[in-house]
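The values are calculated or read from the model by the stated rules, or taken from the named source; none is laboratory data. Keep in mind it's a predicted model, so treat the numbers as computed, not measured. Cβ coordinates were reconstructed from backbone atoms using ideal geometry, including for glycine residues, and neighbour counts include every protein chain displayed. Only protein heavy atoms, including side chains, enter the accessible area calculation; ligands, DNA and RNA are left aside. Shrake-Rupley method; radii C 1.70, N 1.55, O 1.52, S 1.80 Å.
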Amino acid sequence: MRFDQEVCADLDKAIKLEWLETNGLGGFSSSTIVGLNTRRYHGLLTAATKPPVGRMLLLAKMEETLVVDGRRYDLSANQYAGAVYPQGHRFLKEFRLDPFPTFLYEVEGVKIEKRVFMVHGENTTVIEYELRKPDAECSIELRPLIAFRDYHGTTHWNEGINRSVRQESGMASVTPYQGVPTLFFGHNARECEESGNWYYNFEYALEKERGLDAHEDLFNPFLLRFKLDRSATVIASTQEHNAATAPALRQGEVQRRSRILAAAPLSDLLVQQLTAAADQFIVQRGELNSIIAGYHWFADWGRDTMIALPGLTLVTGRFDVARNILQAFAESADQGMLPNRFPDAGEAPEYNTVDATLWLFEAVRSYVHYTGDFEFVRQRLYAKLKEIIDWHVRGTRYGIKVANDGLLACGEPGVQLTWMDAKVGDWVVTPRSGKPVEIQALWYNAVRVLEDLAHRFGDSISFPAELTRDSFNAQFWNAEAGCLYDVVDGDNRDSSIRPNQIFAVSLHHKMLSPEKARQVVEVVQRDLLTPLGLRTLSPHDEHYHPHYSGGVLERDSAYHQGTVWPWLMGPFLTAYVEVNGRTKQSQRQAKEWLEGFADHLRTAGLGQISEVADGDPPHTPGGCMAQAWSVAELLRAAVEDIYSLPLTTAVLTEAR
């Protein structure tokens, strides 16, 4: 993926293009293609101090000055109030992902290539500068700017900072505050000179747009001066690294990423790109694994993890990771509920979701579909799955309980339990209390999955799934609109056209007749389908919001009121192919829709799929620049529904 000088020199374009490096621990490195930070989350090293959470932005950036025959040229770029200074992007000839961020600068005929990558399994970022055309006497000066703060916050001038720099041969280290990690800088500089200067009032444009703290001061502890006869290296890490190890670290990362691509289920370019993107979300949680919901600001969420698991781990053949994730979340279940999220600071998990737990059953079904590993499920998961169903039947938190009609009710005032979970203060934007449509689809699917497993294991489960199916069809079918109601709450029927009904068609176990399923897909296609996913509300609805922008109130008001979500394209493609008989024609159409995302990979988070987009054209991307379930569901639908690869080793329903 390459961008030439014309794009790099155009700041309006360049600062909208973001790159991302991750380390498999929850840490990351990220900025724009010109190195101008537009978010408080941008920085060269955000370390996960309690993997995959406890994230701290340690190293914000490097101020870079190239000296050619005594003449000084700044290569960096920063946004201040009303001005960009310096303007190093003028010297940037090219940016490419190859496979990690690579910058090519040219000054007076001298070409300098900079590479940035993270080391998997470490809070380590390597920055390398290589002289490509040595036509002059060159040196380069690097001034690291440090923040040492929670990655959601900002740093400001203070007298409490410890300015001391510990120096050894080829190593400098700083511990600016008590209780923070020491940051080591392995380097091959000829000089390391202490400075101790604050740089003031950096402005982050995207935070300003979002109505958040958009200004920051950063501290420069020292200056590194290199004679650039060939290469200059800095390894910023929470552990000590000699700069001479950089080539081996780089080669190790190249080989690791090559193995990821080699395991892609198809040679199709888009599938390979999505496979590479998928790797960035898989992280360690203790001895097991989890999934980061999105970069830059999400941790690992139960709902997102269960939805993303098939696409990120099973389609890509990472069955051991899938096992670890299923075990980690099953072990964390409490009162029949999976945690909604693990907080960033490592506190106790939060249990405030109705659907995450139900998605666990679909993830387990998918796991045995791909692996045939029923023994793992029997030993580690089956008892927990039975316990979950029992809790839902007798009732658990937040009014989650099976009603007399076999449908699953949920909700209490002031609580948002479904994936449409926006909340501003005490205002729940889309409360959906009662019986939401996708919760019924997930509940029925969960009960059927457990029945299949029970049959396989010689056990018996007694639940009137037929009652659930009959009640669902009687209460949720909106004959006038030819689709499903979004929520049923007593005598109230919410006729809003939303994408939640698509799950009644896309999930493995279904309650709808083929004709009703076809009608649901047609209505969703007509009102909600866009090139970047499904709208969350029909544009014909009076509550529709066409744009996701502005401050917290404006954005959360639009979050599920028309905003497009790319992850919903996955279940839509599954449902579309299903109701059209899985013909070559339906798969061609689905492939055409999928391939529309190829351009998106080059327009926001490079090589990634965004969290959301505007409901109205041109569907400008927003939210997280990289979202796990967006990548996962596109990848899953591509493999399972468009290409129909014969990956199955065992199908659950064959056991019945």
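General remarks:
- Where labels lie 7 Å past Cα in the beta-carbon direction, separation of ALA383 and HIS543 in nm: 4.4
- With the alpha-carbon atoms of the stretch 1-77 aligned to their principal axes, the span from lowest to highest coordinate is 45, 29, 20 Å, starting with the largest.
- By average C-beta atoms within 10 angstrom, highest first, the peptides 208-217, 284-293, 488-497: 284-293, 208-217, 488-497
- With each label modelled as a point 7 angstrom along the Cα→C-beta vector, the SER267-ASP150 pair spans 5.1 nm.
- Distance (nanometres) between label positions extended 7 Å along Cα→Cβ at TYR80 and VAL254: 4.0
- On Cα atoms only, tilt of 269-279 relative to the major axis of the chain in degrees: 80
- Per-pair calculated FRET efficiency, R0 = 25 Å: THR245 and GLU106 via Cβ, rounded to 0.05: 0.30
- Protein accessible area in the chain, 1.4 Å probe - carbon and sulfur %: 46
- A straight Cα-to-Cα reach below 30 Å connects LYS584 with the lysines LYS510, LYS516, residues fewer than 8 places away in its own chain not being considered.
- Per residue of the chain, the DSSP helices (runs of n ≥ 4 H) give a summed -39500 (n - 2.57) that works out to -8500 deg cm²/dmol at 222 nm.
- Which of ASP641, ASP320 is most accessible, then next, and so on - probe 1.4 Å: ASP320, ASP641
- In the full protein context, the chain carries 36 Å² of accessible surface per residue, based on a 1.4 Å probe and ignoring ligands, DNA and RNA.
- The lysines whose alpha-carbon is closer than 22 Å to the alpha-carbon of LYS208, local same-chain residues fewer than 8 away aside, are LYS13, LYS16, LYS61, LYS423.
- In plain terms, the chain from ASP229 to ASP470 could stretch by 79.1 nm, reckoned as 0.36 nm per residue minus the Cα-Cα distance.
- Residues ALA403 and ALA481, FRET efficiency given R0 of 22 Å [Cβ-Cβ distance, rounded to 0.05]: 0.35
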